[in-house]
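The values are calculated or read from the model by the stated rules, or taken from the named source; none is laboratory data. The shown structure was predicted, so the numbers you read here are calculated from the model rather than taken from an experiment. Every residue, glycine as well, gets a Cβ built from its backbone with ideal geometry; the counts of neighbours run over all protein chains shown.
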Amino acid sequence: MPELLQFTFSGLTVGAVYALVALGFTLIYNASDVINFAQGEFVMLGGMTTVFLGLAGVPLPLAACLAIVLTVIVGLALHRFAIEPARGASAVVLIIITIGASIFLRGAAQVVFDKRFHSLPSWFGNDPIRFGGAAILPQSLVVLAGAVMIVLLLWVFIDRTLLGKAIVATAANRLAARLVGINTRRIVGLSFAISAAIGAVAGILIAPITLTSYDVGTLLALKGFAAAMLGGMGSALGAVVGGLLLGLLEAFAAGYLSSQYKDAVAFLVILAVLLAMPRGLFGRASVERV
Amino acid sequence: MRTILEHRLASIPVMTVIVLVLPLLFPSGYYYRVAALVLVFALAAIGLNLLMGLAGQVSLGHAGFMGIGAYAVAIGPAHLGVPSWLSFILGAALSALVAYLVGRPILRLKGHYLAVATLGFGLLLAIVFNNEAGLTGGPDGMPVPRLVLFAWPLRGPDTWYWITAASFLIGATLALNLIESPTGRALRAIHDSEVAARTLGVDVARKKLAIFVLSAVYASVAGSYFALLNGHITPDISGFLRSIELVAMVVLGGMGSIAGSLVGAALLVVLPQTLTVLHDYEHMVLGLIVMAVMIFLRAGIVPTVANALVRRI
């Protein structure tokens, strides 16, 4: 029983990060149909910038804020200089552009930062909290609380503000949104900014647990993408559920079966789910027009 | 002039001449090696191009099939006592079988869902290659025995250049013929609209599976060549980044353009080799070039240039 609790908590912690990455994928996809494979690089930028500003003597809370601002600027630049000029290109061309962007950002991080692994101090120390026989890192709770807060904030923003409703309208039908006077270009830019911010926060929250380096983005993008598809592309609820599920799957597979094959188990389950539900858990059915 | 240029096999003589003349410019064996690598990846890219450019089905796991081909020529002679040439053929057959078994369920998925399913498949293979150290040597990889044909060991980058060049030209000719065949037309119909294709009497599932199997065989053959050329093989051959690289080759060169696959492969094999002079800035420049090509030549390099040329004439 303590084992189960332990695995559940570590799974939820990692899953929360996957969920945030998947949420970033979903936001950008809904607004612009772009699958942004540079999403993982936002996570890397958040963590690495905080680490290096901290090393330069900036107090960590301020460093974290600056890191988020910088990542948002990178997200906006990505939209303005790479996605916007290629407007109207096919989906796979846009994917290759974002992959090019992720190679570029990884290369830049290698030059600006370095190639070593870095960590941030935990917010509330490293003494594990005993709970039902399981040892829980305080930082895990920070990650979970942070993820819950981001999801709630995002929900309030999308559901309660005019700007948020403009995002929903753009996601639902771009042409109709333009007809009612929404500047869809700016909305797409905004979705890149929000995704970048979410990614950066995830990177800052998880850095004390999993370490960060210039190349953590690739794997996170891959897992976040898988989580988003598991949940059903375009569904924010699906992204969160998919991310948490993927984290739990990995933790249980690593704990009960084999840590070497944890990714294999996770992907086998994803394959099985997709074969049973070809649009993911919460995806909308679509009709092909001929 | 136009009719010649627009003939379906027009690019074959051009590519043949390039392949024959290019070695005259090679100052050293290193150039043969890089050129052979380009041709190997071009072969894999052609296969993926048939799947993506022709049939419109995305695969983010094609490096998995390269891995099967590569490990076949490594494990066959080393552990099972099967001669290299036979392992090569058995590897291709195994890839076809795996593609057939995996393709049946997952080709029902569409678009990004297919992408994530194929991604998972490629990852599974990479994990197996990484962890079954007794058979594959684990993350460090394993040596690949030299290919011996009729008691004649194949060695030297120039030998491999001519072998891969011949294979590439054969693969390209087959692909170009397939594109203009009834099957090719059926696949293009599927690309445009599966529902419409089905209404016209195309057996959609069957055609998609057939092209998936064929593209897997292309990848497997390329993987075997890669292993034999390198003399050493690691699980990276079937990693996610390798799969992404193959997709990027197809898209950069031009989806649906066979000559484009050669150009895309050349770009992504040669660029990293030349960019090493930039040391730390290597990846930044590579990323910028990939983005710039896609933004300014969004149909891919070869189709954009070819269109511009044809309009001139």
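Brief remarks follow.
- Candidate set from region B:186-195 (those that are within 13 Å of another protein chain (Cβ to nearest Cβ) and closer than 19 Å to B:ALA175 by Cβ); member that is surrounded by the fewest Cβ atoms within 10 Å (Cβ to Cβ): B:HIS191
- Residue satisfying condition, being closer than 30 Å to B:ARG155 by Cβ and either more than 14 Å from every other protein chain (Cβ to nearest Cβ) or out of contact with any His (no Cβ under 9 Å at 6 or more places or on another chain) (or both), within set B:GLY254, B:GLY223: B:GLY223
- Hits in region A:47-68 (condition: among the aliphatic types (A, V, I, L, M) and surrounded by 14 or more Cβ atoms within 10 Å (Cβ to Cβ)): A:MET48, A:VAL51, A:LEU53, A:VAL58, A:LEU60, A:ALA63, A:ALA64, A:LEU66, A:ALA67, A:ILE68
- When residues of region A:72-109 are limited to those that are more than 21 Å from the chain's Cα centre (by Cα) and not hydroxyl-bearing (Ser, Thr, Tyr), the one nearest to A:LEU219 (Cα to Cα): A:VAL93
- Lone qualifier among B:LEU109, B:LEU101 - being within 14 Å of another protein chain (Cβ to nearest Cβ) and in a loop (DSSP other than H, G, I, E, B): B:LEU109
- Answer from B:VAL98, B:VAL82, B:VAL58 - the residue that is among the β-branched types (Val, Ile, Thr) and free of Cβ contacts under 8 Å to residues at least 24 places away in the same chain: B:VAL82
- Of all residues in region B:196-213 being away from chain A (no Cβ under 14 Å) and part of a helix (DSSP H, G or I), the one that is farthest from B:LEU51 (Cα to Cα): B:ARG206
- Residue in region B:23-41 that is surrounded by the fewest Cβ atoms within 10 Å (Cβ to Cβ), counting only those that are among the aromatic types (Phe, Trp, Tyr) and at pLDDT 85 or above: B:TYR30
- Residue ID - nearest to the other protein chains (Cβ to nearest Cβ), chosen from residues in region A:69-90 that are part of a helix (DSSP H, G or I) and loosely packed, with under 15 Cβ neighbours inside 10 Å: A:PHE81
- Qualifying residue in region B:125-146 (condition: among the charged types (D, E, K, R), surrounded by 15 or more Cβ atoms within 10 Å (Cβ to Cβ) and free of Cβ contacts under 8 Å to residues at least 40 places away in the same chain): yes
- Total residues in region B:143-165, condition of a type in the set (A, V, I, L, M) and on the phi > 0 side of the Ramachandran plot: 1
- Looking only at region B:220-238, and only at residues there that are over 22 Å from B:ILE163 (Cβ atoms) and surrounded by fewer than 21 Cβ atoms within 10 Å (Cβ to Cβ), the one that is modelled with the lowest pLDDT: B:ASP236
- Single condition B:ILE313 does not satisfy, out of (1) within 11 Å of another protein chain (Cβ to nearest Cβ); (2) touching a residue at least 12 places away in the same chain (Cβ under 8 Å); (3) more than 22 Å from B:TYR30 (Cα to Cα): (1)
- Taken over region A:108-148, the criterion of being of a type in the set (Phe, Trp, Tyr) and either within 14 Å of chain B (Cβ to nearest Cβ) or free of Cβ contacts under 8 Å to residues at least 40 places away in the same chain (or both) is satisfied by A:PHE113, A:PHE124.
- Counted as qualifying within region A:136-183 are the helices (runs of 4 or more DSSP H) with 1 or more residues that are among the hydroxyl-bearing types (Ser, Thr, Tyr), namely A:138-160, A:162-172.
- Selected residue (criterion: farthest from B:LEU54 (Cα to Cα)) from residues of region B:276-308 that are in contact (Cβ under 8 Å) with a residue 40 or more places away in the chain and more than 7 Å from every other protein chain (Cβ to nearest Cβ): B:VAL293
- Among the residues listed as A:PHE117, A:PHE113, A:PHE124, A:PHE157, the single one being aromatic (Phe, Trp, Tyr) and touching a Gly at 6+ places or on another chain (Cβ under 9 Å): A:PHE157
- For region A:186-229, filtering for residues that are away from chain B (no Cβ under 14 Å) and of a type in the set (D, E, K, R) leaves 1.
- Checking the stated criteria, B:VAL116 turns out not to satisfy the condition of being free of Cβ contacts under 8 Å to residues at least 40 places away in the same chain, assigned to a helix (DSSP H, G or I) and not polar (S, T, N, Q).
- Residue in region A:96-107 that is assigned to a helix (DSSP H, G or I), exposed (fewer than 13 other Cβ atoms within 10 Å of the Cβ) and free of Cβ contacts under 8 Å to residues at least 60 places away in the same chain present: no
- Of the listed requirements (1) surrounded by fewer than 15 Cβ atoms within 10 Å (Cβ to Cβ); (2) at pLDDT below 90; (3) not small (Gly, Ala, Ser), A:TRP155 misses just one: (2).
- Where A:LEU237 falls short, out of the listed (1) surrounded by fewer than 17 Cβ atoms within 10 Å (Cβ to Cβ); (2) touching a helix residue (DSSP H, G or I) at 6+ places or on another chain (Cβ under 8 Å); (3) at the interface with chain B (Cβ under 10 Å from one of its Cβ atoms): (3)
- Flag if B:TYR218 is assigned to a helix (DSSP H, G or I), of a type in the set (Ser, Thr, Tyr) and free of Cβ contacts under 8 Å to residues at least 24 places away in the same chain: no
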